[in-house]
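What follows draws every value from the coordinates through simple rules; no lab data is involved. These figures come from a predicted structure and were not determined experimentally. Reconstructed Cβ throughout: ideal geometry from the backbone, glycine too, with neighbour counts over all protein chains shown.
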Amino acid sequence: MALSFNEKEAIVAEVAEVANSALSVVVAEYAGLESTDMDDLRAKAREGGVYLRVVKNTLARRALEGTEYACLQESLVGPLVMAFSQEDPGSAARVVKDFAKENDNLAVKALSIGGQLLEASELDRLAKLPTKDQAISMLMSVMQAPVTKLARTLNEVPGKLVRTVAAIRDDKQAA
């Protein structure tokens with residue numbers, strides 16, 4: 001069924017709005033996937049906070065114009081699904097990577113983070129980026145380390161004094 005001009009405008013506006021707020025984008029070819037597989041992919045994307053959309057390439061090109069993901073326009077060839085990370089930069093890459101392990105028909109064509117076009121082979125690197133909670137916990141552990149070390153050092157001074165006094169007492173009692 002052909003889309004009307006107003007429907008096409010709505011799709012372009014929706015994808016452009018999502019692209020403006022997205023942290024990263026993964027473009028993958030889905031040729032050969034069955035509809036049940038696509039339903040599974042969509043469900044995993046919803047769970048991971050990823051906006052997943054199959055868009056005609058000409059509409060996708062128009063939607064990406066003027067966004068930091070305009071670098072993907074040359075990669076938009078063939079039947080493609082676009083995954084936009086909304087919560088953390090690696091979420092779309094993790095969803096696509098995990099799904100591609102189970103389904104050989106999903107092939108990553110390109111990805112972009114912060115307006116920088118990356119090759120499909122960089123998917124693992126992007127998927128290994130920490131989530132927001134992991135990044136906060138790593139930051140907190142780095143911030144806590146100097147305070148913990150200072151507390152241990154300050155605690156060691158009276159502890160050493162107590163051990164010295166105890167050693168002197170033991171020497172006097174032994175004599």
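Worth pointing out:
- Degrees between helix 132-174 axis and first principal axis of the chain (Cα, 0 to 90, nearest 10): 10
- Residue-averaged [θ]222 nm for the chain, counting only DSSP H segments that reach four residues, each worth -39500 (n - 2.57): -18500 deg cm²/dmol
- Degrees, to the nearest 10: 91-102 long Cα axis against longest axis of the chain: 70
- Residue 166-residue 47 FRET efficiency (beta carbon distance; Förster radius 45 Å; 0.05 resolution): 0.15
- Under a model in which nothing but the beta-carbon of Lys, Arg (+1) and Asp, Glu (-1) is charged, the chain shows a dipole of about 1040 debye around its Cα centre.
- Relative contact order of the chain: 26 percent, from C-alpha pairs under 8 Å at least 6 residues apart in sequence.
- About its Cα centre, region 130-175 has a charge dipole of approximately 80 debye under the convention of +1 per Lys or Arg Cβ and -1 per Asp or Glu Cβ, with nothing else charged.
- Partners of residue 160 within straight-line reach, counting aspartates and glutamates whose Cα lies under 20 Å from its Cα and excluding those fewer than 8 residues away in the same chain: 170, 171.
- As a length-normalised measure over Cα pairs under 8 Å and 6 or more apart, the relative contact order of region 74-170 settles at 24 percent.
- Ascending count of other beta-carbon atoms within 10 Å, so fewest first, for 125, 62: 125, 62
- The packing ranking of peptides 32-38, 15-21, highest mean first, is 15-21, 32-38, where packing means the average number of other beta carbon atoms within 10 angstrom of each residue.
- Zone of residue 61's modelled label, taken as backbone nitrogen in region 4-34 under 16 Å from a point 7 Å along Cα→Cβ: 12
- Helix axis angle, 35-47 relative to the chain longest principal axis, alpha carbon, degrees: 40
- Remark: region 1-52 is approximated by an ellipsoid whose semi-axes, taken from the C-alpha gyration tensor as √(5λ), come to 21, 18, 10 Å, largest first.
- Pair residue 104, residue 155: separation of 7 Å Cα→Cβ label points (nm): 5.7
- Proximal lysines relative to residue 109, as straight alpha-carbon distance under 30 Å, when same-chain residues fewer than 8 apart are discounted: 8, 44, 56, 97, 101, 128, 132
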